[in-house]
Amino acid sequence: MKQYGAEFFGTFWLVLGGCGSAVLAAAFPNLGIGLLGVSLAFGLTVLTMAFAIGHISGCHLNPAVSIGLWAGGRFPASQLLPYIVAQVLGAVVAGGILYLIASGKADFNVSAGFASNGYGAHSPGGYSLLAALITEVVMTMTFLVIILGSTDPRAPQGFAPIAIGLGLTLIHLISIPVTNTSVNPARSTAVALFVGDWAIAQLWLFWVAPIVGALLGAAVYRFIGSSEN
C-alpha cells in the first residue's frame, strides 16, 4: 500500500505543479513564466518526486510509464492496475484542488482549457489529429528510452532523476505548441474531467498515443540496450 500511496502523492504533485504552473502562472500579468517555465515545472515535479519516492514506488507517476516498464521487463503485471488507479486518483484530486484555487479568480473560465490537451481547434498551435498522434507517440517513446536507459544498472548511478526530469522538460519544450503535451494519460484525465465537452471527447488520444509510445520505447530499449551482441 505504501507504493500505491507514493504513486498517488507523486502524481498529485506532478499535476498540481505542472498543470498548476500552466493555469496560474504561464500568462500571469507582466511576470508570466511562459512555455519555458511550464516545461521546467513539469520536469521539476518528476525530478523532485524521483528523489522523494523513487526508492518507495519507482516514481512512475504515469500509466504509460508503468505499462512501458512492464513491457521492458522492469515491472510486474500484477501491479499494473493498482499503480494506474493510484496515479489517476492522485491526478484527479490535484485537478480538483487546482480548480478550487483557479476559480477563486473573478474572470476564471474553465472552458478556456484549464491546461487540457487537445488537437485541431483545441491544439495551442492548431495542429491536426495526425500531428498530435505522431507527437504524443514519439515523445512518449523517447521518454521511455530515457527512463529505461538512465535506470539501467550499467548507467551512472544516482543521476536518473536528473536525466528523466530534464527529458520531460525537453519533451514539453518541443510539444506544448502541438498538444499542450500529455505523454501521461493521468495528467490528461485530471484536467479534462473539469473541462468536459471537447476535452473529454479528445481524451482518447491522450490515452492511446502515450501507451503506444511507451510500448514502442520499451521495444527500442530492449533492442539497443541489450547486453547481448
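The values are calculated or read from the model by the stated rules, or taken from the named source; none is laboratory data. This one's a predicted model, so the numbers in the text were calculated from it and none came from an experiment. Reconstructed Cβ throughout: ideal geometry from the backbone, glycine too, with neighbour counts over all protein chains shown. The accessibility values were calculated without ligands, DNA or RNA, using every heavy atom of the protein model including side chains. Shrake-Rupley method; radii C 1.70, N 1.55, O 1.52, S 1.80 Å.
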Is one or more of the residues making up region 157-180 in contact (Cβ under 8 Å) with a residue 12 or more places away in the chain, of a type in the set (Gly, Ala, Ser) and farther than 24 Å from Gly95 by Cα? yes
Within region 53-67, identify whether any single residue is over 26 Å from Val220 (Cα atoms), open to solvent by 10 Å² or more (accessible area, probe 1.4 Å) and of a type outside the set (Gly, Ala, Ser), and answer yes or no. yes
Go through Gly68, Gly125, Gly149 for me and flag whichever is farther than 13 Å from Leu14 by Cβ, out of contact with any strand residue (DSSP E or B) (no Cβ under 6 Å at 6 or more places or on another chain) and outside any helix (DSSP H, G or I). Gly125
Top-ranked residue of region 176-219 - restricted to ones that are at positive phi and not small (Gly, Ala, Ser), ranked as nearest to the chain's Cα centre (by Cα): Val183
May I ask you to list the residues in region 1-51 that are assigned to a helix (DSSP H, G or I), over 22 Å from Leu170 (Cα atoms), open to solvent by 30 Å² or more (accessible area, probe 1.4 Å) and not aromatic (Phe, Trp, Tyr)? Lys2, Gln3, Gly5
Tell me the residue from Thr140, Thr151 that is modelled with pLDDT under 95, hydroxyl-bearing (Ser, Thr, Tyr) and under 21 Å from Val220 (Cβ atoms), please. Thr151
Helices (runs of 4 or more DSSP H) enclosed by region 160-228 - at least 2 residues per element that are within 20 Å of Val46 (Cα to Cα) and open to solvent by 20 Å² or more (accessible area, probe 1.4 Å): 160-179, 205-224
Of the residues in region 86-108 that are in a helix (DSSP H, G or I) and open to solvent by 70 Å² or more (accessible area, probe 1.4 Å), the one that is nearest to Ala192 (Cα to Cα) is Tyr99
Failed item, numbered, when Thr135 is tested on (1) open to solvent by 30 Å² or more (accessible area, probe 1.4 Å); (2) farther than 16 Å from Phe12 by Cβ; (3) touching a Ser or Thr at 6+ places or on another chain (Cβ under 9 Å): (1)
Per the filter on region 78-111, residues under 17 Å from Val191 (Cβ atoms), touching a helix residue (DSSP H, G or I) at 6+ places or on another chain (Cβ under 9 Å) and of a type in the set (A, V, I, L, M) are Val88, Leu89, Ala91, Val92, Val93, Ala94, Ile97, Leu98, Ile101, Ala102, Val110
Quick check on Phe206: is it modelled with pLDDT under 95, under 21 Å from Gly10 (Cα atoms) and of a type outside the set (S, T, N, Q)? no
Surrounded by 23 or more Cβ atoms within 10 Å (Cβ to Cβ), small (Gly, Ala, Ser) and either in a loop (DSSP other than H, G, I, E, B) or modelled with pLDDT under 95 (or both): is that true of Ala115 in this structure? yes
